[in-house]
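Asks: Input: one structure, supplied below.
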Amino acid sequence: MLQCDCSCEVTGVDTHLSTMDGECVSLLPAVCEVLAASGRSLPDDTSLEKLLDWFSGLTEAGRSLLEACPCLLEFISAVVQNTATDPGVLSFTLRLTGLMAATEDSFVKLQERSVLNQVFHLQHWQEAGLWEDPCLRIGWIQGLKSMLQHPKALSFFVQSDFIDPLLQLQTDTSLFVASAANQMLAHILLFFQPVSSAGCNGVAEKEEEEDGGTHTSAEYTAAVTAISEYLKVSLVPKKYTELRQSLQILKLLALLLAPAGPPLSDKLLRTVADALEELVTAGCSQLTLPLMDVILAACSRSGADERVPDQRVSRLLSSMLSSNKPADLIHAAAAFLRRGHHSDIVHTARAVRILLLPLHIVTGQTLLGTNTTAEEHQSSVAEQLKCKTSCISMICVCLTNTPRITLLPSGVLPCPPDLIVTAVLSLLRICSGVSSSSSSSSSSSSSSSSAGCREVCRNVIGSGKVQKCALEALTALSSSPGATEKISEVFTVLMQYLDNPDSDPTVLHKSYQALVKWMSVCTDLSFVTDQLRQDLVEVVKKRACDMRWEVRDSTVEFLGHLAGVRVSMATAEEVRDASEVLLGRRCTTPLLKEALQDTESYVRASAISALAKTLTHSWRQGAAQSQEETEIVSRLLEILSEDTEGFPRRAVVQYFISWFSSRSSSAPSSTTSPSLLMQCVRSVLSQGSADLDWEVKVHTLELAELLLDKSFSGHRGYRKDSDAHRAQPHPYGVVSERTSTLHAHTEGAESDLAGVVELGVISALFCGLVDCDRPVGLKACRLLITLRDTVCPPSLGPLDATAAMATVSCELPGRGWGLEIRKTLGMKKSDITAEKSITGEGGDAASVSVSVSVCVALRSLGLDERLDVLAQSSDHVHNSPLSLLQDILTARAAHTHADTQPGQEVIVDCY
């Protein structure tokens, strides 16, 4: 049994580790004993990760684990000597050792006790037969990486001959181990490179000047040489099975070259330049993108002068952009364009022409101009496009990059940007089976090439993947120069797609998105003819009744998005909704009203949101409610009270939030009779606060917050929130013109408080305060604190506040939230009975509603203490290091009892 002589007693914790809880420290020896004696994994194997996270956090805070918890040292020794220990615990021990050795002082102490030699001794693990477990290998790598934070650790690493094993792990059968080895090699080369390597992490100059600095420099040079030679020898695969090794080395080079300083990056490039050229010449498709990553990383090196390596990199890039394999050529050009090296005009222009070549061939549009740079590849690309799989892949890569291409400087573009829009439209026509009128007009096309073009076109007809990609490109192209001149053609093609019975739901959805986007940039509405408007109305009506709910949902969303787009009329200085321009005045609302009855909850929710967007403009103008809107509100209240799905109910509350926000932003209502909105608010608050869905309840509290803002924004001391940002006014709050002195808790405040009580705001807040869902309780508590600080601030005094607000009371029901509030207030049953006898009411005293002063309740609910608890969340209790340590001990105790029944196992907290 492990005997832990842990000197970190509870009473001495503050001396060693002030941030560590004393009880945690007292449990640590027992936990170490459990882990050291474990012959199998813990019930929750993530507990070791959590424990290591805790130790890492303490170390990052500048504390020494070795000084604070000497029991860890004995734990490490016990684990290393017991080869029967669970591999997970062994891996944890290796990582913990590296973490403890991350500082020089701790490293020296561990070295003096031969702990590091014992823990990281490779032969020991191999002879014990444990090295075959990837868990141990990755622990070995990560432990060493944690330790390699200072020169002494590097010396230990090099002198222990760990470089060769680490290089071999580059091609480990486990991808996780191989990736960790890659990261480790990059860390060694980058972290320890000389400080003169500008902009890179490295050993400080002061450290290099200290005794041993020269030795460390020699160790680093040895590491760089060994790694560079390995890269040179292993980069080019001798056979197909070695491709994975080449891939790993390319990943490592890409990690190194961009952040490396000139000395390191130049050495690496000089060493592997020949091998890179050989790889480029070999034309291995699987290595195209990794090769481009390396070349582009070399191109982006900061501070590099014009030297031989840079000339070779440029040649490598030119070779990649001249590949004889069309697919590799397209992918290389796309990779170059994505990295944004637009200052390299020559290669940028070449990449653009390569990427436009497939679109040029398929559509027949002359996108390459008179430049012949890409024509050398035209025949090979055209041949490759005859293969359906390759064709679709290459076309999609081309389409993805077209928006980026149109935004490049005109000097690198072979054609006007609007011609690219035309080509995408032509491609969409071809995909839908409609021949492009320009597909046979290419001046460079012969009869044979036209036949080849027709063969290529057959590959994209009906291709949903190409259609989706083209529609996404078309949406993005709306912001390209000169694009709006094509808006009439765009709408024609999109209408064809919306009307096409073969269009799948996703294609229709993206067509709607494109239509809205192009409408939002439209400056000339002359193309909107009565015929187009009529055709679009018919299409939308048809799609709103589609058998597929996804199509109905997209159609309803489209109507809402379109209503949110405001367009300027060319003939007059007038701004109108895009839905009104395209669909007329009497189309949208009836369709959305009908969608409220849809059988699919997503459609109902989308219809409610779309109605809010559609009616926002009339709300802001303060227009009188129509009979249609009254019927809509009636239906919404039905949904809130009866719908079995949460999405529509959430949307209903958000509808009223949008409505109230829009009306609040206009001039306050001066009518004597309450508006339809205010008539509904009480019902929405009542039903929403009692909903089973926590998001509905949170949205209900947001509505309550708007009502508080409207009533109290002009009062002294009122602030929107009670959190760190509470000083910022609500964007929809109406600031009263009355001065704060007139609102110093006089009749005005009392009247406003009575108003929000009458609307049910206070009841909704009290209900939310005792809700079982933390987000609900937290928001309600913050709003109640804001209200308390406004109507009965501490400066007024308890008696003054009570007297000032004596007439403002709130009903507390005898069940549910009302009963919980009563308990919190300490109201006794005898008090309720007495009030019952005064009022002459009968029945059970506990079920009687009672009145309580709002101000008294706000002062007596302990809101500040409750806020502290709610803000902490349950994590501070259940997911603490103390809980973790206790769970490890409890879980192990349960597993040592033979009478533990299945299903009674202790589950360790996961956080």
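The values are calculated or read from the model by the stated rules, or taken from the named source; none is laboratory data. Since this is a predicted model, take the numbers as computed values, not measurements. Backbone-built Cβ (ideal geometry, glycine too); neighbour counts: all protein chains shown. Remember, those area values only see protein heavy atoms, side chains included, never the ligands or the DNA or RNA. Shrake-Rupley method; radii C 1.70, N 1.55, O 1.52, S 1.80 Å.
Asks: So what's the net charge close to PRO505: Lys and Arg +1, Asp and Glu -1, counting the other residues with Cβ under 9 Å from its Cβ?
Replies: Working: positive: ARG548; negative: ASP504, ASP546, GLU550, ASP553.
Result for the local shell: -3.
Asks: Full-extension gain between SER618 and LYS593, please, as 0.36 nm times their residue separation minus the C-alpha to C-alpha distance. Show your work: numbers first, answer last.
Replies: On the way: separation 25, 0.36 × 25 = 9.00 nm, distance 1.66 nm.
This chain segment gains 7.3 nm when fully extended.
Asks: If I model a spin label at SER683 and GLU820 as a point 7 Å from the Cα along the Cα→Cβ vector, what separation in nanometres do I get?
Replies: 2.6 nm
Asks: Using mean Cβ contacts within 10 Å as the protection proxy, how do 471-479, 459-467, 242-250 order, highest first?
Replies: Working: 471-479: 22.1, 459-467: 17.7, 242-250: 19.6.
Result, highest mean Cβ count within 10 Å first: 471-479, 242-250, 459-467.
Asks: Please list the non-local residues whose amide H lies under 5 Å from the amide H of SER809, H modeled 1.01 Å from N, same-chain partners needing a gap of 5 or more.
Replies: Hits under the 5 Å cutoff: VAL854.
Asks: Give a residue-ordered list of calculated ³J(HN,Hα) values for the stretch 83-97 (Karplus: 6.51 cos²θ - 1.76 cosθ + 1.60, θ = phi - 60°; whole Hz; x for Gly, Pro).
Replies: Each residue of the stretch 83-97 in turn: 6, 8, 5, 4, x, x, 5, 4, 4, 4, 5, 4, 5, 5, 4 Hz.
Asks: Which of the residue pairs LYS613/LYS710; LYS593/LYS613; LYS232/LYS267; LYS613/LYS697; LYS486/LYS517 have a Cα-Cα distance greater than 20 Å in the structure shown?
Replies: On the way: LYS613/LYS710 22 Å; LYS593/LYS613 13 Å; LYS232/LYS267 11 Å; LYS613/LYS697 22 Å; LYS486/LYS517 13 Å.
Over 20 Å Cα-Cα: LYS613/LYS710; LYS613/LYS697.
Asks: Take the Cβ-Cβ distance between GLU455 and THR529 as r, set R0 to 45 Å, and report the resulting FRET efficiency rounded to the nearest 0.05.
Replies: On the way: r = 38 Å, r/R0 = 0.84.
My answer for the efficiency is 0.75.
Asks: Any idea how far apart GLN159 and GLN872 come out in nm if each label point goes 7 Å out from Cα toward Cβ?
Replies: If labels sit at GLN159 and GLN872, their model points lie 5.0 nm apart.
Asks: Among 701-713, 518-530, 218-230, how do they line up by average Cβ neighbours within 10 Å per residue, starting with the highest? Each step should come with its number before you reach the end.
Replies: Values: 701-713: 22.8, 518-530: 14.7, 218-230: 17.2.
Most protected by this proxy first, the peptides run 701-713, 218-230, 518-530.
Asks: Can you run phi through the Karplus equation (6.51, -1.76, 1.60; θ = phi - 60°) for the stretch 141-157 and list ³J(HN,Hα) in whole Hz, with x for Gly and Pro?
Replies: 5, 5, x, 5, 5, 4, 6, 6, 10, 7, x, 4, 5, 5, 4, 4, 4
Asks: Taking N as the number of residues in the stretch 537-613, what value does Rg over Cα atoms divided by 2.2 N^0.38 Å take?
Replies: Numbers: Rg = 12.9 Å, N = 77, 2.2 N^0.38 = 11.5 Å.
My calculation over the Cα atoms of the stretch 537-613 gives 1.12.
Asks: Along Cα→Cβ, 7 Å out, is where each label goes; now give me the distance between the ones at ASP344 and ASP53 in nm to one decimal.
Replies: The modelled label-to-label distance comes out at 4.1 nm.
Asks: How much length would be gained if the chain were fully extended between THR281 and SER641, taking 0.36 nm per residue of separation minus their Cα-Cα distance, in nm to one decimal?
Replies: Numbers: separation 360, 0.36 × 360 = 129.60 nm, distance 7.02 nm.
Once the chain is fully extended between THR281 and SER641, it gains 122.6 nm.
Asks: Using the Karplus curve 6.51 cos²θ - 1.76 cosθ + 1.60 with θ = phi - 60°, what ³J(HN,Hα) values do you get for each residue of the stretch 52-59, in whole Hz, with x for Gly and Pro?
Replies: Per-residue couplings from phi come out as 5, 4, 5, 4, 5, x, 5, 5 Hz.
Asks: Under the Kirkwood approximation for Rh and a Cα-based Rg, what ratio Rg/Rh is obtained for the stretch 391-436? It would help to have the intermediate numbers written out before the result.
Replies: On the way: Rg = 11.6 Å, Rh = 11.5 Å.
Radius of gyration relative to Kirkwood radius: 1.01.
Asks: What order do you get for 753-762, 173-182 when each peptide is scored by the mean count of other beta carbon atoms within 10 Å, highest first?
Replies: 753-762, 173-182
Asks: On to the next question. Using a probe radius of 1.4 Å on heavy atoms only, what accessible surface per residue do you get for the stretch 45-134? Whole Å² is fine. It would help to have the intermediate numbers written out before the result.
Replies: Numbers: 3680 Å² over 90 residues.
On a per-residue basis, the stretch 45-134 sits at 41 Å².
Asks: Multiplying the sequence separation of SER568 and ALA128 by 0.36 nm and subtracting their Cα-Cα distance, what value in nm do you get?
Replies: Working: separation 440, 0.36 × 440 = 158.40 nm, distance 7.88 nm.
Stretched out fully, the SER568 to ALA128 stretch lengthens by 150.5 nm.
Asks: With every protein chain left in place and a probe of 1.4 Å, what is the accessible surface of LYS593, to the nearest 10 Å²?
Replies: 60 Å²
Asks: How large a share of the accessible area of the stretch 483-538, in percent, is made up of carbon and sulfur atoms when the probe is 1.4 Å and the other protein chains stay in place?
Replies: Values: 1080 of 2470 Å².
Ligands and nucleic acids excluded, carbon and sulfur give 44 percent.
Asks: Ok, one more. Test of understanding: extend the Cα→C-beta vector of VAL521 to 7 Å, then name every residue of the stretch 533-565 with backbone N under 17 Å from that spot.
Replies: 565
Asks: Can you give me the accessible area per residue for the stretch 567-643, using a 1.4 Å probe, in Å²?
Replies: Result: 49 Å² per residue.
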